[in-house]
1. Let me confirm something: among Val94, Val58, which residue is touching a Lys or Arg at 6+ places or on another chain (Cβ under 9 Å), among the aliphatic types (A, V, I, L, M) and under 24 Å from Ile7 (Cα atoms)?
2. From Gly102, Gly194, grab the single residue that is touching a residue at least 60 places away in the same chain (Cβ under 8 Å) and on the phi > 0 side of the Ramachandran plot.
3. Where residues in region 49-70 are in contact with a helix residue (DSSP H, G or I) (Cβ under 6 Å, 6 or more places away or on another chain) and either surrounded by fewer than 13 Cβ atoms within 10 Å (Cβ to Cβ) or without any contact (Cβ under 8 Å) to a residue 40 or more places away in the chain (or both), which of them is farthest from Gln225 (Cα to Cα)?
4. Could you check region 1-45 and list, in sequence order, the residues that are part of a loop (DSSP other than H, G, I, E, B), touching a residue at least 24 places away in the same chain (Cβ under 8 Å) and open to solvent by 40 Å² or more (accessible area, probe 1.4 Å)?
5. Suppose the filter is open to solvent by less than 60 Å² (accessible area, probe 1.4 Å), more than 22 Å from Arg41 (Cβ to Cβ) and of a type in the set (S, T, N, Q); does Ser122 pass it?
6. Would a scan of region 45-67 turn up a residue that is in contact with a His (Cβ under 8 Å, 6 or more places away or on another chain), over 23 Å from Ala130 (Cα atoms) and hydroxyl-bearing (Ser, Thr, Tyr)?
7. Which residue pairs have Cβ atoms closer than 8 Å, lie 6 or more positions apart in sequence or on different chains, and pair a first residue in region 127-155 that is closer than 12 Å to Gly50 by Cβ with a second residue that is open to solvent by 60 Å² or more (accessible area, probe 1.4 Å) and of a type outside the set (D, E, K, R)?
8. Return the residue satisfying two criteria in turn: it lies in region 186-212 and is among the charged types (D, E, K, R) and open to solvent by less than 70 Å² (accessible area, probe 1.4 Å), and of such residues it is nearest to Gly166 (Cα to Cα).
Amino acid sequence: MIEHDVIIVGGGLAGCRAAVEIGRINPSIDVAVVAKTHPIRSHSVAAQGGIAATLKNVDSTDSWEAHAFDTVKGSDYLADQDAVELLTKEAPDVVIDLEHMGVLFSRLPDGRIAQRAFGGHSHNRTCYAADKTGHAMLHELVNNLRRYGVQVYEEWYVMRLILEEGQAKGLVMYHILDGRLEVVRAKVVMFATGGYGRVFNTTSNDFASTGDGLAMSAIAGVPLQ
């Protein structure tokens, strides 16, 4: 039986970034990522516009509070405001960290990371890598998975979360290539499976954006928001 300390379902930006951080904190932790596509083919690679952070490289009047208000307003006031505060306070350090990993952000003439206007934002705070921001970020994160020894199961489809007495104990997964089933034991299971744009008749989302992780989480009794 396959066994890991931590198994992360989803090979996009969220899943890869989580795996890299665990590897940084404690390289002795055995981490695996399961992705139903190759990680570089995850839908994160299609993100073009950019990533928002109050670096103040273009607009010195920007603040994390303004970013937080724009985020909450853009959610029609449904967002978890504690989570929004954390997101907007930490965003500048996250962008600098990605730059140090090797993400090639577009630059201002003086060499600082460029920032531009973006829908829903009251200040020019969107950092970008030309028109392929997700592509640039995902490639660097996938490269860093190797650096930290993360096992990647590409083109494996997770069918079921194994629960015992209300605790996640592992997964059942299906190898798309040959139909093989495997049970994976883990001390921690994380879901980073993205959205479900494919429920709509017209969408620019990838064919893989079908909400499987959300469905499995809901079946397990995890509340969704």
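1. On the way: Val58 fails: under 24 Å from Ile7 (Cα atoms).
After applying the criteria, what remains is Val94.
2. None of the others qualify; the one that does is Gly194.
3. Once the filter is applied, the top-ranked residue is Trp64.
4. The first filter runs over region 1-45 and keeps only residues part of a loop (DSSP other than H, G, I, E, B), leaving 1, 10-12, 26-30, 36-38, 42.
This time we only want the ones that are touching a residue at least 24 places away in the same chain (Cβ under 8 Å), so: 1, 10-12, 27, 29-30, 36-38, 42.
Matches in region 1-45: Met1, Pro27, Ile29, Asp30, Lys36, His38.
5. Numbers: open to solvent by less than 60 Å² (accessible area, probe 1.4 Å): no; more than 22 Å from Arg41 (Cβ to Cβ): yes; of a type in the set (S, T, N, Q): yes.
Criteria not met by Ser122.
6. yes
7. Ala129/Leu104; Ala129/His135; Asp131/Gln48; Lys132/Gln48; Thr133/Gln48; Gly134/Gln48; Ala136/Leu104
8. If we filter region 186-212 for residues that are among the charged types (D, E, K, R), which is where we start, we get 187, 198, 206, 212.
Applying the additional criterion that residues be open to solvent by less than 70 Å² (accessible area, probe 1.4 Å) yields 206, 212.
Values: Asp206: 33, Asp212: 20 Å.
This residue is Asp212.
The values are calculated or read from the model by the stated rules, or taken from the named source; none is laboratory data. Just so it is clear, the model here is predicted, and its values are computed rather than measured. Neighbour counts are summed over all protein chains in view; Cβ atoms, including those assigned to glycine, are modelled from backbone coordinates with ideal geometry. The area values use the complete protein model at the heavy-atom level, side chains included, leaving out ligands, DNA and RNA. Shrake-Rupley method; radii C 1.70, N 1.55, O 1.52, S 1.80 Å.
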